[in-house]
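Below: one structure, written as structure tokens.
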Amino acid sequence: MAMRNKDVAKRIRPRNIILPVLIGTILVLWFILRKFENETLSVLTFNWRTVFYLGIAVCCMLGRDLGYIIRIRILTDNDLTWRQAFRVIMLWEFTSAISPSTVGGTAVAVVFTHKEGITVGRSAAVVLTTSFLDELYFVVMFPLLLIMLKGDNLFMNDSIMTGRPWFINELFLFAIIGYSIKLVWVLVVGYGIFINPAGLKSLVVRIFRLKFLRKWKEQSISAGDDIIASSHHFRTKGKKFWLKAGFTTFLAWSSRYWVANAILVAFFNVHDHFMIFARQLVMWIMMLISPTPGGSGIAELIFTRYLSDFIPVEPFLIDSTAMAIALMWRAVSYYPYLILGAIIAPGWISRNFISARSVKQDN
């Protein structure tokens with residue numbers, strides 16, 4: 001655990017916010033210089049309606065955070081106080097915001113939870129189950145939305161009308177790749193937690209004995225132990241427990257996807273809210289394969305291209321207006337976690353690593 005803790009301390013240093021902010025800033029400046037139209041400023045007028053709906057967007061993100069905080073308290077049987085749960089979630093989100101989407105913050109969340117007084121094995125169980133519930137939300141919602149809204153509505157818009165069927169355009173292909181990763185994860189972890197944890201651990205360890213995977217063998221054994229710990233901890237929980245955990249997961253993710261709706265309504269008369277909601281969920285699946293920290297740059301581009309249909313302006317203003325809306329969306333749903341993380345992380349590192357090391361040396 002010592003080496004793991006050291007790695008965590010390095011990973012959540014506030015200076016790590018520089019890279020995602022830099023990537024996002026460079027992309028935005030490039031786009032503004034290339035696409036910006038002066039008339040965009042006249043389209044995005046600010047008034048009391050704007051302030052009200054931007055406030056609703058912020059409330060949606062607060063609802064998302066509240067869902068996460070309540071859920072982690074449920075999963076720890078309320079052994080985490082509200083303050084501890086808030087701290088864990090904010091550090092978790094901060095780590096996700098400064099890590100590539102393919103990595104996320106889950107890998108280090110075990111340490112965050114453990115440092116708040118939860119045993120290592122139980123922390124691993126909580127984090128793994130949290131990840132399972134998050135991915136289950138996508139696995140269930142994506143096909144439901146695909147059936148309800150039809151693929152041609154969900155994956156085709158004015159900027160990508162290529163004459164090809166919707167199911168072979170690049171947005172659908174990205175979504176399917178992301179969805180497949182999530183589906184495999186849910187099936188594997190679900191099997192390990194609820195059916196055969198020892199068998200899954202044995203399979204994982206056997207796979208990582210292969211020559212080209214051997215250097216991760218120790219991590220695979222640790223992951224297998226986490227699965228067994230999760231199974232022992234959660235298999236005895238009743239339906240009420242899982243309903244509460246499932247509802248808070250639904251609250252957290254659904255609240256997040258209403259943010260763009262609220263921002264669009266702040267400036268325009270928008271009616272097709274369920275389609276906007278659905279496209280945001282698909283965007284998040286596509287962002288899973290983003291190589292940049294927190295999806296910086298990629299998120300803004302996908303948003304600009306994928307939600308431009310819902311911005312009722314003149315065609316020559318679409319690109320610049322969509323980018324302006326995308327910046328507001330990220331200002332509400334992404335950058336606050338960089339700021340909060342940069343505030344919380346130094347004290348947390350000092351308290352849990354520097355002070356702890358000093359006490360150990362004194363003894």
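Restricted to region 226-240, and to residues there that are modelled with pLDDT of 80 or more and in a helix (DSSP H, G or I), the residue that is nearest to Val205 (Cα to Cα) is Ile228.
Output the residue which, of all residues in region 221-251 that are in contact with a Gly (Cβ under 9 Å, 6 or more places away or on another chain) and among the small types (Gly, Ala, Ser), is nearest to Asp65 (Cα to Cα). So, considering only residues that are in contact with a Gly (Cβ under 9 Å, 6 or more places away or on another chain) and among the small types (Gly, Ala, Ser), the one nearest to Asp65 (Cα to Cα) is Ser230.
The number of residues in region 251-279 being under 14 Å from Asp309 (Cα atoms) and charged (D, E, K, R) comes to 2.
Given the criterion under 20 Å from Ala299 (Cβ atoms) and either assigned to a helix (DSSP H, G or I) or at pLDDT 75 or above (or both), identify the matching residue among Leu173, Leu243, Leu187, Leu251. Reasoning before the result, please.
Details: Leu243 fails: under 20 Å from Ala299 (Cβ atoms); Leu187 fails: under 20 Å from Ala299 (Cβ atoms); Leu251 fails: under 20 Å from Ala299 (Cβ atoms).
Among Leu173, Leu243, Leu187, Leu251, only Leu173 is under 20 Å from Ala299 (Cβ atoms) and either assigned to a helix (DSSP H, G or I) or at pLDDT 75 or above (or both).
Run down Arg71, Arg164, Arg64, Arg83 and say which single residue is of a type in the set (Lys, Arg) and at pLDDT below 85.
Arg164
In this entry, Val120 passes the filter for residues that are over 16 Å from the mean Cα position of the chain (by Cα), closer than 27 Å to Pro346 by Cβ and at pLDDT below 80.
Residues are listed down the side, and each one gets a yes or a no for (1) part of a helix (DSSP H, G or I); (2) hydroxyl-bearing (Ser, Thr, Tyr):
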{"site": "Asp77", "(1), (2)": "no, no"}
{"site": "Met90", "(1), (2)": "yes, no"}
{"site": "Ser96", "(1), (2)": "yes, yes"}
{"site": "Gly121", "(1), (2)": "yes, no"}
{"site": "Val127", "(1), (2)": "yes, no"}
{"site": "Phe142", "(1), (2)": "yes, no"}
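Here is a yes/no grid of residues against (1) within 22 Å of Ile26 (Cβ to Cβ); (2) small (Gly, Ala, Ser); (3) surrounded by fewer than 19 Cβ atoms within 10 Å (Cβ to Cβ):
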residue: Ile276; (1), (2), (3): no, no, no
residue: Arg279; (1), (2), (3): no, no, no
residue: Gly294; (1), (2), (3): yes, yes, no
residue: Leu301; (1), (2), (3): yes, no, yes
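It is to be established whether one or more residues within region 261-279 are in a loop (DSSP other than H, G, I, E, B), of a type in the set (Val, Ile, Thr) and at pLDDT below 90.
So the first thing to find is which residues in region 261-279 are in a loop (DSSP other than H, G, I, E, B), and the list is 268-272.
Okay, now just the ones that are also of a type in the set (Val, Ile, Thr), so 270.
Cutting the leftovers down to at pLDDT below 90 gives us 270.
The answer is yes; a qualifying residue exists.
Scanning region 274-313 for residues being in contact (Cβ under 8 Å) with a residue 60 or more places away in the chain and over 25 Å from Pro100 (Cα atoms) gives a total of 5. Pairs linking a residue in region 321-350 that is under 12 Å from Val259 (Cβ atoms) to a residue that is among the basic types (Lys, Arg), with Cβ atoms under 7 Å and 6 or more positions apart or on different chains, are Ser333/Arg256. Scan region 54-68 and tell me whether some residue there is surrounded by fewer than 21 Cβ atoms within 10 Å (Cβ to Cβ), touching a Pro at 6+ places or on another chain (Cβ under 9 Å) and not in a helix (DSSP H, G or I). Checked region 54-68: no residue is surrounded by fewer than 21 Cβ atoms within 10 Å (Cβ to Cβ), touching a Pro at 6+ places or on another chain (Cβ under 9 Å) and not in a helix (DSSP H, G or I).
For every residue, the table says whether it meets (1) at pLDDT 80 or above; (2) buried (at least 20 other Cβ atoms within 10 Å of the Cβ); (3) within 15 Å of the chain's Cα centre (by Cα).
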{"position": "Phe247", "(1), (2), (3)": "yes, no, no"}
{"position": "Val259", "(1), (2), (3)": "yes, yes, yes"}
{"position": "Ile298", "(1), (2), (3)": "no, yes, yes"}
{"position": "Trp329", "(1), (2), (3)": "yes, yes, yes"}
{"position": "Ser333", "(1), (2), (3)": "yes, yes, yes"}
{"position": "Ala345", "(1), (2), (3)": "yes, yes, no"}
{"position": "Ile354", "(1), (2), (3)": "no, no, no"}
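Across region 33-48, the qualifying residues are those that are out of contact with any helix residue (DSSP H, G or I) (no Cβ under 7 Å at 6 or more places or on another chain) and assigned to a helix (DSSP H, G or I), and the one among them that is modelled with the highest pLDDT is Trp48.
The values are calculated or read from the model by the stated rules, or taken from the named source; none is laboratory data. The structure presented is a predicted model; accordingly, all values stated were derived computationally and were not measured. Ideal geometry is used to build each Cβ from the backbone, glycine not excepted, and the neighbour counts take in all protein chains shown.
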